[in-house]
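K.L.:
Have a look at this one before I ask anything.
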Amino acid sequence: MAKNNAAFVRHQLIEEQAPPITERGVVKWVRENLFSSPFNVIMTLLSLWVIYSIIAGVAPWFINGVWNANSVRDCYDILDGATGACFAVLKERFPQLIYGFKYPSTEYWRPNTAVILLLFALAPILFRKLPRKFLLFSLIYPFLAYWLIWGGTPLVPVVAFLGFVIGIYCFRRFSANAFALGAIIGVIAANIFWVLGGYVVDANETFLALQAVPSRDMGGFMLNILLGTIAVALSIPLGILLALGRKSNMPIIKWICVLFIEFIRGVPLITLLFVANVILAFFLPPETSIDLILRVIVMMTFFNAAYIAEVVRGGLAALPSGQYEAANSLGLDYSKSMRFIILPQALKISIPGIVNTCVGMLKDTTLVSIISMFDLVGMIRGPILSSTSWNGVYWELFGAAATIFFVVCFSVSKYSQWLERQLETSNR
Amino acid sequence: MSTSISSERETFRLSMLLNDKRYRSYTFQAFALFVLICVVAYLGKNLVENLAAAGLNISYGFLGEASGYDINQRLIEYSSQSSHLRAAFVGILNTLLVAFLGCITATILGITAGILRLSNNWIVAKLMSIYVEIFRNVPVLIWILIINSIFLAVLPQPRAFKGENPEASMLWDMFAFTGRGIYAPKPLFLEGSVVVVGTFILSILAIFALRRYARHKLYSEGRLINTLWPSLALFVIPTVLIFYALGSPIGLEYPELKGFNFKGGIYARGGLISLWFALSIYTGAFIAEVVRAGILSVNEGQTEAAAALGLRPNFVMNLVVLPQALRVIVPPLISFYLNITKNSSLALAVGYMDITGTLGGITLNQTGRAIEAILLLMLFYLIISLGISAIMNIYNRSIMLKER
């Protein structure tokens with residue numbers, strides 16, 4: 001009865017209402033992320049002002065940029081008083097910035113090929129899903145790249161490579177009986193092969209020869225990449241050995257490693273480059289003349305290795321001691337327990353640190369410009385800025401150098417973050 | 001007994017030096033030591049032979065000779081008649097100056113950027129991560145050169161400040177930004193200034209005492225004493241009172257344009273400024289990352305527990321989060337300070353005369369004493385590094401979690 005007296009009874013549910021405009025979509029996001037409190041309002045306005053002033057300052061300079069001119073005065077004539085960049089310098093001096101000013105221009109295809117092949121050689125190391133067979137190419141690559149960049153007859157790297165192959169074969173063959181015997185026979189066999197191969201090379205110097213380019217003709221960004229890649233590739237194994245040495249319970253080995261690491265880490269790289277440039281010659285026999293580039297590579301390798309050793313030591317220390325004890329209780333000897341149990345885990349922990357160190361190394365290759373080698377920065381500061389036609393074009397050149405380094409270093413650090421996620425086994 | 005000993009003796013064979021774990025480590029070490037000695041002896045022999053062939057010797061006598069070159073940025077008296085040793089001291093002080101300035105500004109920048117990167121304001125957080133990524137991924141040498149370009153290409157030369165209608169003018173008549181560097185007013189300490197400075201130091205000590213007393217009250221009686229306003233008052237009032245009571249004994253010496261250059265005031269060369277700023281913003285980007293990681297490393301449960309105890313947000317930060325975050329932040333922070341000191345050797349690129357520029361640069365080139373100069377240079381940096389890491393170890397031990 002009462003039912004009928006009711007003025008109104010709803011039979012179905014009302015349509016769901018949309019949340020108020022302040023609680024959805026863009027408005028909600030803006031309220032929560034940009035204007036949530038008076039302080040945040042001020043910060044947002046300040047940031048917008050910073051962004052605006054940067055864009056307002058750079059945009060006309062960038063958009064008005066002149067790409068075709070022969071000298072900085074031409075640029076000013078074309079701009080006719082307006083603000084604008086003189087990007088023409090990048091266009092005109094592009095080969096110098098990338099290859100240096102002495103590398104023969106007909107041979108630019110060689111470093112180009114070497115860089116492209118480098119990507120292929122790195123791929124199986126960087127991406128673990130690729131077939132393991134590709135690693136063979138990574139092994140051959142250093143010798144191939146040497147031939148491509150320095151030129152000369154391919155017999156030199158071929159002999160060097162075969163020497164390594166024979167040495168390793170002999171080591172494998174004889175180390176089954178005794179480790180030391182295998183190592184000694186391996187080294188002797190490789191050396192005999194290199195000496196014999198040396199005669200073959202001397203006799204056939206023109207066989208398939210590319211135009212030889214001496215080290216001092218390397219320059220530009222190519223030199224940065226060259227120094228960075230070689231120093232990084234050599235310093236990672238050396239750094240791991242140093243870290244193991246520092247953790248070793250043999251006091252003499254331990255102290256040699258500690259002294260080396262602490263000494264190198266205690267001095268700036270620039271003093272080590274001075275050593276390479278000026279005083280290393282005093283410590284070598286008078287008749288030897290080692291390339292400056294090689295001396296610099298040695299110093300950079302030592303420098304980077306000391307830092308990598310500290311990173312790896314951190315990784316080794318972070319492993320719970322149960323892992324070491326488990327390896328021992330399985331009856332594994334030192335090298336096996338390190339290879340199969342300790343290092344895979346320790347290196348995984350140290351990946352971010354190792355990559356940071358290596359990016360640092362790549363950035364530090366610019367320091368060679370101070371000992372008057374003509375890398376990217378050295379080219380800009382030396383031949384380009386001091387030339388009469390491009391005197392005073394600072395921003396365009398340094399901006400380009402900064403951009404190149406940013407692209408390379410940023411992608412390397414992004415890769416390391418990706419790798420970290422890939423290797424995460426999420427068992428803790 | 002004797003038989004067992006002799007039987008053990010019999011069992012030792014030469015091959016055990018390689019194959020027995022107990023003895024193998026001795027073989028390895030002896031071998032490593034032997035190789036090391038051989039290498040050192042070989043290098044030493046070459047050095048002696050090369051020096052003899054070149055008619056050189058190792059001698060540090062050159063340090064006492066007159067240097068014959070000028071240094072235009074210096075903290076102590078120096079002229080071209082001074083010795084090379086004094087030039088090296090000028091360089092050391094210049095290195096320490098730029099390292100000190102760089103550490104302070106890098107810390108301020110890094111902490112600000114690190115905290116702002118965690119801000120809930122989207123645009124601020126993004127802006128800060130752009131700052132961090134851009135500055136971390138470009139070599140510091142390029143930053144030094146870019147900032148130095150401002151002095152070379154943008155700022156006016158001192159002569160632009162001349163005349164009735166100068167092209168450039170000084171900021172508040174105090175600061176002159178020129179292509180040669182920055183001129184700033186210099187404090188002049190007249191008679192009685194000691195009292196003012198003394199009062200200032202005393203009031204700072206009083207502030208520390210006050211805060212200590214407040215903390216003591218908080219811990220012992222649970223009473224919260226507001227220290228902000230009393231501290232500010234202590235900081236300002238006594239010093240200002242004494243300053244005017246003694247008739248302004250500390251004045252300012254303004255830089256003035258005389259002839260074609262500025263005279264008076266504090267002069268900082270473009271090289272110093274660009275080195276200082278580049279090192280600060282570069283290292284600041286790294287510090288920002290460390291600060292961010294440190295704050296994130298504090299478990300959220302800690303914040304929630306503190307809030308559940310009824311602490312207000314700034315107490316949560318000061319009493320709970322920061323002490324734990326600092327344990328993560330400080331060790332890398334100190335190694336970044338070390339990096340600033342070592343990277344200050346890049347002064348060479350902008351003509352700032354630090355120790356690398358004096359001892360490792362002009363002195364080396366003038367005297368040709370490469371080995372001696374570079375050894376001294378390395379020794380200086382080693383002492384600084386080892387000193388700072390010793391301090392760091394002491395600090396680490398003091399803040400280590402007291403367990404067990």
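The values are calculated or read from the model by the stated rules, or taken from the named source; none is laboratory data. Predicted, not measured: the structure shown is a model, and the values here were computed from it. Backbone-built Cβ (ideal geometry, glycine too); neighbour counts: all protein chains shown.
K.L.:
Whether any residue in the range A:394-401 is of a type in the set (A, V, I, L, M), more than 30 Å from A:ALA243 (Cβ to Cβ) and modelled with pLDDT of 90 or more is what I want to check.
P.N.:
yes
So that you can scan it fast, the table gives a plain yes or no per residue for (1) part of a helix (DSSP H, G or I); (2) among the aliphatic types (A, V, I, L, M):
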position	(1), (2)
A:GLY81	no, no
A:VAL89	yes, yes
A:ILE98	yes, yes
A:PHE120	yes, no
A:LEU136	yes, yes
A:PRO157	yes, no
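K.L.:
Counting only residues that are in contact with a Gly (Cβ under 9 Å, 6 or more places away or on another chain) and away from chain B (no Cβ under 13 Å), which one in the range A:50-68 is surrounded by the fewest Cβ atoms within 10 Å (Cβ to Cβ)? Please lay out each step first, then the result.
P.N.:
Taking the range A:50-68 and keeping what is in contact with a Gly (Cβ under 9 Å, 6 or more places away or on another chain), we get A:60-66.
Narrowing further to those that are away from chain B (no Cβ under 13 Å): A:60, A:62-66.
On the way: A:PRO60: 14, A:PHE62: 14, A:ILE63: 10, A:ASN64: 14, A:GLY65: 16, A:VAL66: 21.
Checked the range A:50-68; the qualifying residue surrounded by the fewest Cβ atoms within 10 Å (Cβ to Cβ) is A:ILE63.
K.L.:
Still on this structure, please answer the following. Across the range A:102-117, what is the total count of residues that are in contact with a Phe, Trp or Tyr (Cβ under 7 Å, 6 or more places away or on another chain) and touching a residue at least 24 places away in the same chain (Cβ under 8 Å)? Spell out how you get there, then give the answer.
P.N.:
Taking the range A:102-117 as the starting set, the residues that turn out to be in contact with a Phe, Trp or Tyr (Cβ under 7 Å, 6 or more places away or on another chain) are A:108, A:111, A:117.
Then drop every residue that is not touching a residue at least 24 places away in the same chain (Cβ under 8 Å), which leaves A:111, A:117.
Adding up the residues that qualify gives 2.
K.L.:
Give the residues of the range A:371-398 that are without any contact (Cβ under 8 Å) to a residue 60 or more places away in the chain and either more than 9 Å from chain B (Cβ to nearest Cβ) or within 25 Å of the chain's Cα centre (by Cα) (or both), sorted by residue number. Give the derivation first.
P.N.:
Taking the range A:371-398 first, the residues without any contact (Cβ under 8 Å) to a residue 60 or more places away in the chain are A:372, A:377, A:381-382, A:385-387, A:394, A:398.
Across the range A:371-398, the qualifying residues are A:SER372, A:VAL377, A:ARG381, A:GLY382, A:LEU385, A:SER386, A:SER387, A:PHE398.
K.L.:
Moving to a separate point now. Just wondering, is there one or more residues in the range B:161-180 that are among the β-branched types (Val, Ile, Thr), surrounded by 15 or more Cβ atoms within 10 Å (Cβ to Cβ) and either in contact with an Asp or Glu (Cβ under 9 Å, 6 or more places away or on another chain) or modelled with pLDDT under 75 (or both)?
P.N.:
yes
K.L.:
Going by the conditions given, is A:THR357 surrounded by 21 or more Cβ atoms within 10 Å (Cβ to Cβ), within 11 Å of chain B (Cβ to nearest Cβ), touching a residue at least 40 places away in the same chain (Cβ under 8 Å) and of a type in the set (Val, Ile, Thr)? Give the steps one after another, and end with the answer.
P.N.:
Numbers: surrounded by 21 or more Cβ atoms within 10 Å (Cβ to Cβ): yes; within 11 Å of chain B (Cβ to nearest Cβ): no; touching a residue at least 40 places away in the same chain (Cβ under 8 Å): yes; of a type in the set (Val, Ile, Thr): yes.
No, not satisfied.
K.L.:
Does A:ASN249 qualify as being within 12 Å of chain B (Cβ to nearest Cβ) and either in contact with a strand residue (DSSP E or B) (Cβ under 8 Å, 6 or more places away or on another chain) or not charged (D, E, K, R) (or both)? Working first, answer last.
P.N.:
Values: within 12 Å of chain B (Cβ to nearest Cβ): yes; either in contact with a strand residue (DSSP E or B) (Cβ under 8 Å, 6 or more places away or on another chain) or not charged (D, E, K, R) (or both): yes.
Yes.
K.L.:
So which residues in the range A:399-428 are small (Gly, Ala, Ser) and either within 14 Å of chain B (Cβ to nearest Cβ) or within 17 Å of A:MET361 (Cα to Cα) (or both)?
P.N.:
Correct list: A:GLY399, A:ALA400, A:ALA401, A:ALA402, A:SER411, A:SER413, A:SER416.
K.L.:
Could you list, in sequence order, the residues of the range A:315-340 that are crowded, with 18+ Cβ neighbours inside 10 Å and either within 13 Å of chain B (Cβ to nearest Cβ) or in contact with a Phe, Trp or Tyr (Cβ under 8 Å, 6 or more places away or on another chain) (or both)? Give the steps one after another, and end with the answer.
P.N.:
Filtering the range A:315-340 down to residues crowded, with 18+ Cβ neighbours inside 10 Å leaves A:315-316, A:327, A:337-338.
Selection gives A:ALA327, A:SER337.
K.L.:
May I pose another question? Pairs, please: C-beta under 6 Å, at least 6 apart or cross-chain, first residue under 19 Å from B:MET392 (Cβ atoms) and among the hydroxyl-bearing types (Ser, Thr, Tyr) and in the range B:310-337, second surrounded by 17 or more Cβ atoms within 10 Å (Cβ to Cβ) and modelled with pLDDT of 85 or more?
P.N.:
B:TYR337/B:CYS103
K.L.:
Could you go through the range A:10-31 and let me know if any residue there is closer than 24 Å to B:LEU118 by Cα, among the acidic types (Asp, Glu) and loosely packed, with under 12 Cβ neighbours inside 10 Å.
P.N.:
Looking through the range A:10-31, at least one residue is closer than 24 Å to B:LEU118 by Cα, among the acidic types (Asp, Glu) and loosely packed, with under 12 Cβ neighbours inside 10 Å.
K.L.:
Identify all residues within the range A:252-262 that are touching a Leu at 6+ places or on another chain (Cβ under 7 Å) and facing chain B (nearest Cβ under 9 Å); write none if there are none.
P.N.:
A:ILE252, A:ILE256
K.L.:
List, please: which pairs have Cβ atoms under 6 Å, are six or more places apart or on different chains, and start with a residue in the range A:273-289 that is more than 9 Å from chain B (Cβ to nearest Cβ) and part of a helix (DSSP H, G or I) and end with one that is among the charged types (D, E, K, R) and surrounded by 17 or more Cβ atoms within 10 Å (Cβ to Cβ)?
P.N.:
Pairs that qualify, where the first residue is more than 9 Å from chain B (Cβ to nearest Cβ) and part of a helix (DSSP H, G or I) and the partner is among the charged types (D, E, K, R) and surrounded by 17 or more Cβ atoms within 10 Å (Cβ to Cβ), are A:ALA276/A:ARG295; A:LEU280/A:ARG295.
K.L.:
Can A:SER47 be described as surrounded by 13 or more Cβ atoms within 10 Å (Cβ to Cβ), out of contact with any Lys or Arg (no Cβ under 6 Å at 6 or more places or on another chain) and either among the basic types (Lys, Arg) or assigned to a helix (DSSP H, G or I) (or both)?
P.N.:
The answer is yes for A:SER47.
K.L.:
B:MET392 versus (1) of a type outside the set (Asp, Glu); (2) surrounded by fewer than 16 Cβ atoms within 10 Å (Cβ to Cβ); (3) within 14 Å of another protein chain (Cβ to nearest Cβ); (4) closer than 23 Å to B:LEU109 by Cβ: which is the lone unmet condition?
P.N.:
Among (1) of a type outside the set (Asp, Glu); (2) surrounded by fewer than 16 Cβ atoms within 10 Å (Cβ to Cβ); (3) within 14 Å of another protein chain (Cβ to nearest Cβ); (4) closer than 23 Å to B:LEU109 by Cβ, B:MET392 violates only (2).
K.L.:
I would also like to ask the following. With the range B:41-151 as the region, which helices (runs of 4 or more DSSP H) entirely inside it contain at least 1 residues that are surrounded by fewer than 16 Cβ atoms within 10 Å (Cβ to Cβ) and within 10 Å of chain A (Cβ to nearest Cβ)?
P.N.:
Result: B:122-136.
K.L.:
Can you pull out the residues in the range A:160-219 that are in a loop (DSSP other than H, G, I, E, B) and either among the charged types (D, E, K, R) or closer than 30 Å to B:MET16 by Cα (or both)?
P.N.:
Answer for the range A:160-219, where residues must be in a loop (DSSP other than H, G, I, E, B) and either among the charged types (D, E, K, R) or closer than 30 Å to B:MET16 by Cα (or both): A:SER175, A:ALA176, A:ASN177, A:ALA178, A:GLU205.
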